[in-house]
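Colleague: My questions will all concern the structure given below.
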Protein chains: 2
Amino acid sequence: MLSLSDLSNDELTALHEEQARAYDALLAKGLKLDLTRGKPSPAQLDLSNELLTLPGEGHYMDSTGTDCRNYGGIQGLPAIRTIFAPLLNVPVDQLVAGDNSSLSIMHDTLVYALLKGTVDSAEPWSRSPIKFICPVPGYDRHFALCEQYGIEMISVPLGHDGPDLDQIRRLVVEDLSIKGMWVVPMYSNPDGAIYTREVTQALLEMPAAGDFRIFWDNAYAVHHLTEIETPALDVLTMAAQAGHPNRVFGFASTSKITFAGAGVSFFASSASNVAWYLKNLSKRTIGPDKINHLRHALYLRGADGVTALMRRHREILAPKFEQVTAILGKRLGDYQGATWTDPDGGYFVSLDVADGTATRVVELAKDAGIAMTAAGAAFPYGQDPHDRNIRIAPSFPSPDEVAAAIDGLATCVLLAGAEKLLASRAQPSGAHPAGTQQHTHG
Amino acid sequence: MLSLSDLSNDELTALHEEQARAYDALLAKGLKLDLTRGKPSPAQLDLSNELLTLPGEGHYMDSTGTDCRNYGGIQGLPAIRTIFAPLLNVPVDQLVAGDNSSLSIMHDTLVYALLKGTVDSAEPWSRSPIKFICPVPGYDRHFALCEQYGIEMISVPLGHDGPDLDQIRRLVVEDLSIKGMWVVPMYSNPDGAIYTREVTQALLEMPAAGDFRIFWDNAYAVHHLTEIETPALDVLTMAAQAGHPNRVFGFASTSKITFAGAGVSFFASSASNVAWYLKNLSKRTIGPDKINHLRHALYLRGADGVTALMRRHREILAPKFEQVTAILGKRLGDYQGATWTDPDGGYFVSLDVADGTATRVVELAKDAGIAMTAAGAAFPYGQDPHDRNIRIAPSFPSPDEVAAAIDGLATCVLLAGAEKLLASRAQPSGAHPAGTQQHTHG
């Protein structure tokens, strides 16, 4: 395989000219494509259109005789909790169903801890400076919550099966102001990492502040892209067995199962934490939208209904992901320096380009009508220390649009890479030894 | 009119025995009635059953082409904001539509001010002790929010057309740690007070902390019980004209218009405050349930649709309120000492019984199967200094049940009053001069 830096100056110039022409052609296409966010496509949303007429004429009672139209029921309708408890591998009485956004539940959980403290806190978190461990690359909205409330973020590299454990164990035992850690255990955003049982066990066992909490955002628990449907870990049981029953705050939602903006969100934790959450929540609201819980329960029917639905999502999504990796392979596979993930689930492909070029790639793409998530978005404070990571969200556009966008993106990757290398060779004091290489590789 | 204290000992004993027999008969009925909360009745909820099949097959786009199933639209669907802006007398672009609970919006607004400060705050409210003005009697959930976050509450008496202005003006100018005030401007909970334009003007003009905020909970803006449909004040314009454009945080919801647990909530404020709210909210969620906004917009059609619906609510509610006041009049009208409101709107009748007996009345009622809101609930920290106020919520039970409950309640009021007076007369050092009176009035 070839590295751009292996090219002679002439070859590099030729490549640059070739990609510049390709980029001009790309500009001429006047694309208008959006790969910024992990949004379901209309075809995916169509799968759940039954919801548009549910719960149906005269249907407002659940099977226990609750009038779902009225106030109350702070923990959410048992019918919907019963469906999702096995999928999330948590006891149904330790599962809370909320409104349409699990991000909101994460926010509120954090707010309660900041203003009231957790069940294990000596004081509200906001009384002293606190820190969170942030495996990177990660989810920008998690990091935005920390930034919003002045929580210092400590980046730790995320590998294929979890983050750097040694580093985390050292950090949390030495610094008791580290109160939290973000985890997307299945198909992490954007890298598609899957936290193994062993890694999870280590995170649950390690000594840390008594009120240290893992914000376990199981956003993609059932969002498989292959036939391997890895079940969710029984993380609450594991936490209890590890001697830290209250360490995990679990979150999930149907945003990428039914309707992204009109689904049901979930909170799962130890019995003490659930009681703590509900006590705080009961000051905030009299109850969630139980009609939407009923609507979802009637539509999904059971855990099997969710699994069947997710397979239909997979039929729509998997080909788009295949397009992404196929085109990246075809266009960039001959060059070292660009690498990308081939995830088994979730909503993203994580692309690493030549160091110091991600911002330029996203800029070039934007000018060509291909909107990508901002470079650096997957890092705390939006700062990718290597300026190399780009998150690709292929779910929303059509397969043809995905193909066009990724092909255009590849042009931007090569153009930005060649630009940067040419610029560094043009510098008389260029520190890059490759700049002097004249030989070619086969 | 007769005061219980005017009765001779014999007469009082006779009354006590009579009410004790009535109470025994009440116990024997084995009632199970709930007048604790302002919950709509099933008949009221039935009015909006069209929502159960809306937005309808294939309907998920709003008129601007937004796919309401997907993420986004943090300010809420224009269609639903357009319907409620005139009813709340606010500009549509200064109105935000949220999920099912305005209490949640109040909570979140308070949290943002506590953790981030308002647009006019030098620092987050949580950095220093702060206080709120609480007109009493008032809404227990407002007071619970203050208590939850350690905000000191200062009670100020509420009259028929607003609270004691002199007292408030003196308090807020002297103590700049007073950052907020709860107001239910129309048909206050529980007294049914209506803040006049003059009182409102004074509250908007008065000197106070730069980040002093009136939490203007217009929960009953369109909830008239008579044909007089007083329109909402244009409070945002009034605030701007009074030189304090950011003073008002406005709240409302459809909880008592459509479905109590599955409606739409609203936030209205100055342009700066709305920008501040949305900026904070955008860390918490990607957007509200727009399908529910669309569902409501299709069902309500326009402001006129809401007005028509509220008249149908009135047809169901007004007779229940008439039952309450008629039975209270019949049973308690002959005695001084018990007074009650006859509200023109809202959800409550506020009953004042003999000082020091409200707790006992609620206890007696509870034992007889009539659940009333806890005595003192309408006061900060649940402490009614006179132990005399009882909130009656007649909306949920059927008219017959309301009649039975209020008749039973009247028995409890008389029994508790007679009990207390007898006990005070039995004390040799009874400070009550009435204890020695032997004459009767006609």
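The values are calculated or read from the model by the stated rules, or taken from the named source; none is laboratory data. Predicted model only: the values in this text are computed from it and were never measured. Every residue, glycine as well, gets a Cβ built from its backbone with ideal geometry; the counts of neighbours run over all protein chains shown. Areas reflect the complete protein model, heavy atoms only, side chains present, ligands, DNA and RNA absent. Shrake-Rupley method; radii C 1.70, N 1.55, O 1.52, S 1.80 Å.
Colleague: Go through (1) within 35 Å of the chain's Cα centre (by Cα); (2) modelled with pLDDT under 95; (3) surrounded by 14 or more Cβ atoms within 10 Å (Cβ to Cβ) one by one and return the number of the condition residue A:430 breaks.
Modeller: So the condition that residue A:430 fails would be (1).
Colleague: I've got another one for you. Hey, can you tell me all the residues within the stretch B:280-308 that are closer than 24 Å to residue A:146 by Cβ and in a helix (DSSP H, G or I)?
Modeller: B:280, B:281, B:282, B:283, B:284
Colleague: Also, I was wondering about something else. What's the total number of residues in the stretch A:63-105 that are among the hydroxyl-bearing types (Ser, Thr, Tyr) and on the phi > 0 side of the Ramachandran plot?
Modeller: Restricting attention to the stretch A:63-105, the residues satisfying the condition of being among the hydroxyl-bearing types (Ser, Thr, Tyr) are A:63-64, A:66, A:71, A:82, A:101-102, A:104.
Now restrict to residues that are on the phi > 0 side of the Ramachandran plot: none.
Qualifying residue count for the region: 0.
Colleague: Name the single residue that is farthest from residue B:118 (Cα to Cα) among those in the stretch B:259-276 being away from chain A (no Cβ under 14 Å) and hydrophobic (A, V, I, L, M, F, W, C).
Modeller: Of all residues in the stretch B:259-276, those away from chain A (no Cβ under 14 Å) come to B:266-275.
Add one more test, that the residue is hydrophobic (A, V, I, L, M, F, W, C), and what stays is B:266-268, B:271, B:274-275.
On the way: B:266: 19, B:267: 15, B:268: 15, B:271: 13, B:274: 11, B:275: 11 Å.
Out of the qualifying residues, it is B:266.
Colleague: Being farther than 20 Å from residue B:112 by Cα and touching a strand residue (DSSP E or B) at 6+ places or on another chain (Cβ under 7 Å) is the filter here; which residues of the stretch B:231-252 pass it?
Modeller: Within the stretch B:231-252, B:235, B:236, B:239 qualify.
Colleague: Consider residue A:144 carefully, then state whether it is modelled with pLDDT of 95 or more and within 19 Å of residue A:389 (Cα to Cα).
Modeller: yes
Colleague: Still on this model: Conditions: (1) over 20 Å from residue B:92 (Cα atoms); (2) within 14 Å of another protein chain (Cβ to nearest Cβ). Residue B:281 meets all but one. Number of the miss?
Modeller: Among (1) over 20 Å from residue B:92 (Cα atoms); (2) within 14 Å of another protein chain (Cβ to nearest Cβ), the lone unmet condition for residue B:281 is (1).
Colleague: Turning to a different aspect of this structure: Among the residues of the stretch B:102-112, are any in a helix (DSSP H, G or I), small (Gly, Ala, Ser) and away from every other protein chain (no Cβ under 13 Å)?
Modeller: No; the residues of the stretch B:102-112 include none that is in a helix (DSSP H, G or I), small (Gly, Ala, Ser) and away from every other protein chain (no Cβ under 13 Å).
Colleague: Could you check the stretch A:348-390 and list, in sequence order, the residues that are of a type in the set (Phe, Trp, Tyr) and open to solvent by 30 Å² or more (accessible area, probe 1.4 Å)?
Modeller: Residues of the stretch A:348-390 that are of a type in the set (Phe, Trp, Tyr), as a first pass: A:348, A:379, A:381.
Residue satisfying the conditions is A:381 alone.
Colleague: Can you give me the number of residues within the stretch A:6-42 that are within 14 Å of chain B (Cβ to nearest Cβ) and among the basic types (Lys, Arg)?
Modeller: Looking only at that region, the number is 2.
Colleague: I've got another one for you. Does the stretch A:237-245 contain at least one residue that is closer than 23 Å to residue A:272 by Cβ, surrounded by 23 or more Cβ atoms within 10 Å (Cβ to Cβ) and either at pLDDT below 95 or of a type outside the set (Val, Ile, Thr) (or both)?
Modeller: Within the stretch A:237-245, one or more residues are closer than 23 Å to residue A:272 by Cβ, surrounded by 23 or more Cβ atoms within 10 Å (Cβ to Cβ) and either at pLDDT below 95 or of a type outside the set (Val, Ile, Thr) (or both).
Colleague: Kindly indicate whether any position in the stretch A:240-249 is assigned to a strand (DSSP E or B), away from chain B (no Cβ under 11 Å) and touching a Gly at 6+ places or on another chain (Cβ under 8 Å). So that I can check it myself, show each step before the final result.
Modeller: First pass over the stretch A:240-249, keeping only residues assigned to a strand (DSSP E or B): A:248-249.
Those left that are additionally away from chain B (no Cβ under 11 Å): A:248-249.
The next check asks that each one be touching a Gly at 6+ places or on another chain (Cβ under 8 Å); those that pass are none.
Looking through the stretch A:240-249, none of the residues is assigned to a strand (DSSP E or B), away from chain B (no Cβ under 11 Å) and touching a Gly at 6+ places or on another chain (Cβ under 8 Å).
Colleague: So how many residues does the stretch A:322-347 have that are over 30 Å from residue A:7 (Cα atoms) and open to solvent by less than 10 Å² (accessible area, probe 1.4 Å)?
Modeller: 3
Colleague: Within the stretch A:137-144, can one find any residue that is closer than 25 Å to residue A:240 by Cβ and surrounded by fewer than 21 Cβ atoms within 10 Å (Cβ to Cβ)?
Modeller: Checked the stretch A:137-144: no residue is closer than 25 Å to residue A:240 by Cβ and surrounded by fewer than 21 Cβ atoms within 10 Å (Cβ to Cβ).
Colleague: Also, quick follow-up: Condition first: in a helix (DSSP H, G or I) and touching a residue at least 40 places away in the same chain (Cβ under 8 Å). Now tell me which residues in the stretch A:331-358 satisfy that.
Modeller: Across the stretch A:331-358, the qualifying residues are A:331, A:332.
Colleague: Continuing with this model, one more query. I'd like to check something: does the stretch A:376-383 contain any residue that is of a type outside the set (Gly, Ala, Ser), closer than 16 Å to residue A:419 by Cβ and touching a residue at least 12 places away in the same chain (Cβ under 8 Å)?
Modeller: So far as the stretch A:376-383 goes, no, none of its residues is of a type outside the set (Gly, Ala, Ser), closer than 16 Å to residue A:419 by Cβ and touching a residue at least 12 places away in the same chain (Cβ under 8 Å).
Colleague: What's the number of the only condition in (1) closer than 22 Å to residue B:250 by Cβ; (2) within 10 Å of another protein chain (Cβ to nearest Cβ); (3) over 14 Å from the mean Cα position of the chain (by Cα) that residue B:141 fails to meet?
Modeller: In the conditions (1) closer than 22 Å to residue B:250 by Cβ; (2) within 10 Å of another protein chain (Cβ to nearest Cβ); (3) over 14 Å from the mean Cα position of the chain (by Cα), residue B:141 misses (3) alone.
Colleague: Here's a follow-up. Output the number of residues of the stretch B:162-189 satisfying the condition of being touching a Gly at 6+ places or on another chain (Cβ under 8 Å) and farther than 18 Å from residue B:222 by Cβ.
Modeller: Adding up the residues that qualify gives 1.
Colleague: What are the residues in the stretch A:284-305 that are more than 7 Å from chain B (Cβ to nearest Cβ), of a type in the set (A, V, I, L, M) and open to solvent by 20 Å² or more (accessible area, probe 1.4 Å), if any?
Modeller: Within the stretch A:284-305, A:298, A:303 meet the criteria.
Colleague: Conditions: (1) open to solvent by less than 20 Å² (accessible area, probe 1.4 Å); (2) within 14 Å of chain A (Cβ to nearest Cβ); (3) closer than 17 Å to residue B:87 by Cβ; (4) part of a loop (DSSP other than H, G, I, E, B). Residue B:256 meets all but one. Number of the miss?
Modeller: Just one mismatch for residue B:256, condition (1).
Colleague: Another question about this same structure. Only residues that are more than 24 Å from residue A:109 (Cβ to Cβ) and either in contact with a strand residue (DSSP E or B) (Cβ under 6 Å, 6 or more places away or on another chain) or buried (at least 19 other Cβ atoms within 10 Å of the Cβ) (or both): list them for the stretch A:146-190, please.
Modeller: Within the stretch A:146-190, A:164, A:167 qualify.
Colleague: While we're here: Output the helices (runs of 4 or more DSSP H) that fall wholly within the stretch B:1-94 and possess 2 or more residues being of a type in the set (Ser, Thr, Tyr) and either in contact with an Asp or Glu (Cβ under 9 Å, 6 or more places away or on another chain) or open to solvent by less than 20 Å² (accessible area, probe 1.4 Å) (or both), or say none.
Modeller: none
Colleague: Which one of these does residue B:26 not meet: (1) modelled with pLDDT under 95; (2) hydrophobic (A, V, I, L, M, F, W, C); (3) within 31 Å of the chain's Cα centre (by Cα); (4) over 22 Å from residue B:255 (Cβ atoms)?
Modeller: (1)
Colleague: Another question about this same structure. Of the residues that make up the stretch B:117-135, is at least one surrounded by 23 or more Cβ atoms within 10 Å (Cβ to Cβ), at pLDDT 95 or above and among the charged types (D, E, K, R)?
Modeller: no
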